[in-house]
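Presented below is the structure to which this report refers.
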Amino acid sequence: MQNIFAVLILSGVAFLATGEPSRAEITYPWCAQYGGGRDGGGRNCGFWTYQQCQQAVWGTGGYCEVNAMYRGPQPGMIPPPPGYRGR
């Protein structure tokens with residue numbers, strides 16, 4: 001039984017090792033840093049506009065900041081809202 005378990009584990013590791021390399025995350029110009037008290041909070045860099053970000057953190061004690069990792073539009077991004085003019 002232990003041999004079967006070992007073979008299954010090695011097969012799973014081999015399968016995972018042969019997969020495609022991971023792709024980079026898609027990031028947007030604004031990040032929301034949610035307030036979380038002493039346990040910290042979450043971060044979401046999925047906002048085209050400052051106003052979108054502000055609506056997301058409203059009432060959470062969080063704040064919005066410019067995403068330092070944003071490098072312009074990337075393939076797969078959802079298009080910006082109408083009237084978006086960049087930073």
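The values are calculated or read from the model by the stated rules, or taken from the named source; none is laboratory data. No experiment lies behind these values; they were computed from the predicted model shown. FYI the Cβ positions are ideal-geometry reconstructions off the backbone, even for glycines, and counts take in every protein chain you see. The protein model used for the area step is the full one, side chains on, heavy atoms only, and it has no ligands, DNA or RNA in it. Shrake-Rupley method; radii C 1.70, N 1.55, O 1.52, S 1.80 Å.
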Q. Could you give the accessible area per residue of region 34-74, probe 1.4 Å, as a whole number in Å²?
A. 70
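Are there chymotrypsin sites (Phe, Trp or Tyr not before Pro) in region 28-61 that DSSP marks as loop and that have at most 13 other Cβ atoms within 10 Å, and which are they?
Passing both the DSSP loop test and the Cβ count: 58.
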Q) Accessible area, 1.4 Å probe, largest first: how do 60, 49 sort? A) 60, 49
Q: For region 64-78, just list the computed ³J(HN,Hα) in residue order, Karplus coefficients 6.51, -1.76 and 1.60, θ = phi - 60°, integers in Hz, with x standing in for Gly and Pro.
A: 10, 8, 5, 7, 5, 8, 6, 10, x, x, 10, x, x, 6, 6
